[in-house]
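Since every read-out is calculated from the coordinates, none of them should be taken as a lab result. Everything numeric in this text was worked out from a predicted model, so none of it was measured. Cβ atoms come from the backbone with ideal geometry, glycine included; neighbour counts cover every protein chain shown.
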Amino acid sequence: MSSNLSKNTTKKILVTGGAGYIGSHTCVELLNDGHEIIVLDNLSNSSEESLKRVQEITGKTLEFVKGDIRDHKLLNSLFSNHEIASVIHFAGLKAVGESVSMPLAYYDNNVNGTLVLLEAMKQANVKTLVFSSSATVYGDPASLPISEDFPTSATNPYGRSKLMIEEILQDLHVSDNSWRIALLRYFNPVGAHPSGRIGEDPNDIPNNLMPYIAQVAIGKLDKLSVFGNDYPTHDGTGVRDYIHVVDLSLGHVRAIEKLQKTAGIHAWNLGVGKGYSVLEMVAAFEQASQQPVPYQFAPRRSGDIAACYANPEKALNELGWKAEKGVDDMVSDSWRWQSVNPNGYHS
Ligand code: NAD
Ligand code: UD1
């Protein structure tokens, strides 16, 4: 599917945080769909190599500006010097534990950064925005699957920053209903591009399950600690809605297309709608990699919930989007990325 609007004009999409994990995969899908893009990234958690590879995968070029979303002057000059039609906003800090020890850095980067971006958009009269939100805004849901109208809450500064931004965007839309805003609530993005050229490249020891498992399978880490085996789930371990990053990226392309046709502010869950336990993910990874993934049970991680999975119907009905890839694709693509690039972009 392609977007007529962007093909018929020279207008571009500004992608903040486009060098990162989800951003780089989304750049591939945007370029494949015929969009022109400018990436703004300060490379605080990524490398320019990802963007070189995005261009190599697609055979298309993109423009890269190294800079910070909190830089008013830079933002204003970007909007005055380019015909930008819309913004996909990935830039931000994302580690829950770090957000607890460095709350000010998180509020500054995520909340203040978004305010600076919105001010520049407003001045330039660019009012179409896709925002990277998270299923974390649902807190500990009272029931499953989770629909977009469930109550929201946050238990840590990272989650609170996402919730604050969602609320700021709601207020902005109340003040001026010509804004077109998508709040994309991601469940658990995993996997990598099937080419094995781009993927998740954590700076440090990974916090999230899939990159941790991948590093155990390749022998960089000894064993996985499974956080909790006494949850009220079918095998006692935590259950999550893992979604392939390529499916997630395609959700952004559909959201941009939808906003070109419809005004308003909309929340959409981007999830598969099925939950898998930690032990099921370990078994699937062992199967795909043919490598053992040793693990030990450890106490529950503070702040974790037992189970979380989406009701993805709204995105299907309104965006015509649904996740197509299953757990086998997620683990095999993630293993390909890890084994071909054992040290990520520094391999
Ligand atoms: P990532 O860290 O790989 O990508 C974020 C990118 O933003 C990085 O390239 C980083 O260098 C850049 N960046 C950070 N602060 C910046 C700033 N002030 N100015 C310019 N660039 C800046 O993370 P990701 O996994 O690709 O996540 C993208 C977005 O999706 C984030 O907003 C994250 O909170 C959100 N999200 C991620 C997940 C997940 O599991 N990965 C889940 C839910 C929501
Ligand atoms: C985490 C964040 C969430 C964020 C999301 C994406 C927390 C509490 N939540 O979600 O806010 O939006 O990442 O960045 O950090 N697990 C292990 N061992 C590990 C790592 C994880 O057993 O070494 C388990 C967890 O307990 C959980 C599952 O694996 O049951 C998934 O964990 P993870 O990948 O960190 O994602 P979430 O906790 O769902």
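Electrostatic bookkeeping for ALA217 treats Lys and Arg as +1 and Asp and Glu as -1; over the other residues with beta carbon under 13 Å from its beta carbon, the sum is +1.
Amide H contacts of ILE37 (H built 1.01 Å from N, in plane; Pro and chain starts excluded): ILE13, GLU63 sit under 5 Å, all sequence-distant by 5 or more or on other chains. Shape annotation for the stretch 202-347: C-alpha extents along the principal axes are 50, 40, 26 Å, from largest to smallest. For the stretch 327-342, backbone phi angles converted through the Karplus equation (6.51, -1.76, 1.60; θ = phi - 60°) give residue-by-residue couplings of 4, 4, 5, 4, 6, 6, 5, 5, 5, 4, 4, 5, 6, 7, 10, x Hz, Gly and Pro being listed as x. Computed with the Debye formula from one identical point scatterer per Cα of the chain, without solvent, the log10 of I(q)/I(0) at q = 0.13, 0.14 Å⁻¹ comes to -1.00, -1.17.
The C-alpha radius of gyration of the stretch 128-200, expressed as a fraction of 2.2 N^0.38 Å, stands at 1.31.
Report the per residue volume, in Å³, of the convex hull enclosing the C-alpha atoms of the stretch 238-284. The partial results should precede the final answer.
Details: hull volume 3.2 nm³, N = 47.
Taking the convex hull of the Cα positions in the stretch 238-284, it is 69 Å³ per residue.
Its relative contact order, with pairs defined as Cα atoms under 8 Å and 6+ residues apart, puts the chain at 19 percent. Note on the stretch 271-347: percent of Cα-Cα distances in each 10 Å bin, starting at 0 and stopping at the bin with the largest distance, equals 15, 33, 36, 15, 1. Pick from LYS261, LYS322, LYS220: which is most flexible by mean-square fluctuation in a GNM of the chain where alpha carbon atoms under 10 Å apart are linked? Judging by the Gaussian network model, the answer is LYS261. Taken one residue at a time, the phi angles of the stretch 186-202 give Karplus couplings (6.51, -1.76, 1.60, θ = phi - 60°) of 7, 7, 10, x, 9, x, 7, 4, x, 5, x, 8, 10, x, 7, 10, x Hz. Gly and Pro are set to x.
Candidates PHE285, VAL239, ALA255 compared by Cα position along the dipole of the stretch 220-303: farthest toward the positive end lies ALA255, with charges placed on Cβ. Going by the alpha-carbon gyration tensor, a ≥ b ≥ c the square roots of its eigenvalues, is the stretch 191-247 rounded (a/c under 1.5) or, if a/c is not under 1.5, prolate (a/b greater than b/c) versus oblate? Since a/c reaches 1.5 but b/c is at least a/b, the shape of the stretch 191-247 is classed as oblate. Basic side chains Lys and Arg get +1 at the Cβ, acidic Asp and Glu get -1 at the Cβ, and with that the dipole of the stretch 224-299 about its Cα centre reaches some 420 debye. Database remark: amide H of LEU270 closer than 5 angstrom to the amide H of ARG185, TYR186, PHE187 (H placed geometrically; neighbours at sequence offset of 5 or more, or on other chains; Pro and chain starts carry no H). Magnitude of the charge dipole for the chain, about its Cα centre and with charges confined to Cβ atoms of Lys, Arg (+1) and Asp, Glu (-1), is about 520 debye. Secondary-structure-derived ellipticity at 222 nm for the chain, considering helices only, amounts to -12000 deg cm²/dmol, per-run term -39500 (n - 2.57) for DSSP H runs with n ≥ 4. Rg ratio for the stretch 162-280: its Cα radius of gyration over 2.2 N^0.38 Å, N being its residue count, equals 1.34. What you get for the stretch 102-210, charging only the Cβ of Lys and Arg (+1) and of Asp and Glu (-1), is a dipole of about 240 debye around the Cα centre. Taking amide H positions as modeled 1.01 Å from N, with prolines and chain starts lacking one, the residues under 5 Å from ILE84 and 5 or more places away or on another chain are LYS12. For the stretch 221-235, the Karplus equation 6.51 cos²θ - 1.76 cosθ + 1.60, evaluated at θ = phi - 60°, returns couplings of 10, 5, 8, 7, 9, 8, 7, x, 10, 10, 6, x, 10, 5, 10 Hz by residue, with Gly and Pro reported as x. Nearest 10 degrees, 0 to 90: what angle lies between the long axis of helix 245-261 and the longest principal axis of the chain (Cα atoms)? Between helix and principal axis, roughly 30 degrees. For the stretch 8-139, what class follows from the C-alpha gyration tensor (a ≥ b ≥ c being the square roots of its eigenvalues): rounded when a/c is under 1.5, otherwise prolate if a/b is larger than b/c, else oblate? Here the stretch 8-139 falls in the oblate category.
For the stretch 39-84, GluC sites (Glu not before Pro) meeting the loop criterion (DSSP other than H, G, I, E, B) and having at most 15 other Cβ atoms within 10 Å: GLU48, GLU83.
Among HIS82, TYR138, HIS25, pick out the residue whose Cα is farthest towards the positive end of the charge dipole of the chain, where Lys and Arg carry +1 and Asp and Glu carry -1 on C-beta, about the Cα centre. So the residue furthest toward the plus end is HIS82. Taking a label point 7 Å from the Cα of ASN177 along the Cα→Cβ vector, which residues of the stretch 250-264 have an amide N closer than 19 Å to it? Output list for this probe position: 259-264. Quick check on the stretch 69-184: take the gyration tensor over C-alpha atoms, sort the square-rooted eigenvalues as a ≥ b ≥ c, and tell me if it's rounded (a/c under 1.5), prolate or oblate. Judged from the Cα gyration tensor, the stretch 69-184 comes out oblate (a/c at least 1.5, b/c at or above a/b).
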